[in-house]
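Sharing a structure with you now.
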Amino acid sequence: MSTNSHEVDAENSGSSPALDLSPISHTSARWGETLGHSIVHHPISINGEPLDASLPTPKDERFAIVELSGTQYKVVIGDTIVADHIEGIDIDDKIDYNDVLLIGSRKATIVGRPYVPNTKVILSVEELTRDKKVYIFKTRRRKASRRLRGFRKRITILRVEDIICSDEDQNAL
């Protein structure tokens with residue numbers, strides 16, 4: 001007789017084991033609220049010395065990974081992000097951004113599934129501008145046919161003001 005419980009049940013009942021194939025419930029608007037997050041502790045630092053878990057981590061030693069318009073950025077407080085153009089904002093606007101995939105420090109890492117709940121990154125808009133010109137040059141050999149076009153993508157330059165997380169996550173960091 002086998003030690004696998006599914007095989008034991010199948011042998012006893014004479015039918016195949018029932019598998020739970022029900023989909024994950026998507027009752028909430030955001031995945032992070034339904035699925036939660038994981039906390040991974042790092043008891044030893046990179047150089048092999050044990051970390052003192054009782055000391056709180058300063059805010060400037062934290063980092064976060066945020067998702068802005070399909071691109072992931074690793075940010076710390078004070079960083080500048082050059083992102084694709086964001087509609088409906090002006091210079092000096094503050095944005096509370098909730099799509100935080102991960103928060104980390106030397107002591108712990110909090111991984112969202114896919115987003116960390118009750119966490120946000122506060123961004124301020126520094127500049128709305130256009131990127132450097134990209135030239136597109138097409139030619140057909142031996143035909144004296146050429147075409148030169150240029151393109152400048154609209155971009156938004158953002159500055160990270162703060163990384164805010166829940167009290168429970170802040171104690172873990």
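Report the semi-axes of the equivalent ellipsoid for region 57-116 in whole Å, largest first, where each axis is √(5λ) for an eigenvalue λ of the Cα gyration tensor.
In descending order, the three semi-axes are 22, 14, 9 Å.
Quick one: which of Lys94/Lys153; Lys120/Lys153; Lys94/Lys120; Lys74/Lys133; Lys94/Lys133 span more than 21 angstrom between C-alpha atoms?
The answer is Lys94/Lys153; Lys120/Lys153; Lys74/Lys133; Lys94/Lys133.
Using the reciprocal of the averaged 1/r over all distinct C-alpha pairs, how large is the Kirkwood radius of region 53-154 in Å?
Hydrodynamic radius (Kirkwood, Cα pairs) of region 53-154 is 16.8 Å.
Magnitude of the Cβ-charge dipole of region 60-166, K/R +1 and D/E -1, about the Cα centre, nearest 20 debye?
Approximately 1740 debye in magnitude.
Quick one: if you stick a label point 7 Å off each Cα along the C-beta vector at Lys138 and Asp90, how many nm between them?
Those two pseudo-labels are separated by 4.1 nm.
Taking 0.36 nm per residue of sequence separation and subtracting the Cα-Cα distance, how much length would be gained by fully extending the chain between Asp79 and Arg113, in nm to one decimal?
9.8 nm
Please order His37, His85 by the number of other Cβ within 10 Å, starting at the fewest.
Lowest to highest Cβ neighbour count: His85, His37.
Next up: Mind checking the full-extension length gain between Leu128 and Lys59? Use 0.36 nm per residue of separation minus the Cα-Cα distance, one decimal, nm.
That works out to 22.1 nm of additional length.
Coordinate-derived values only; no laboratory data. All figures in this text were calculated on a predicted structure; none of them were measured in a lab. Reconstructed Cβ throughout: ideal geometry from the backbone, glycine too, with neighbour counts over all protein chains shown.
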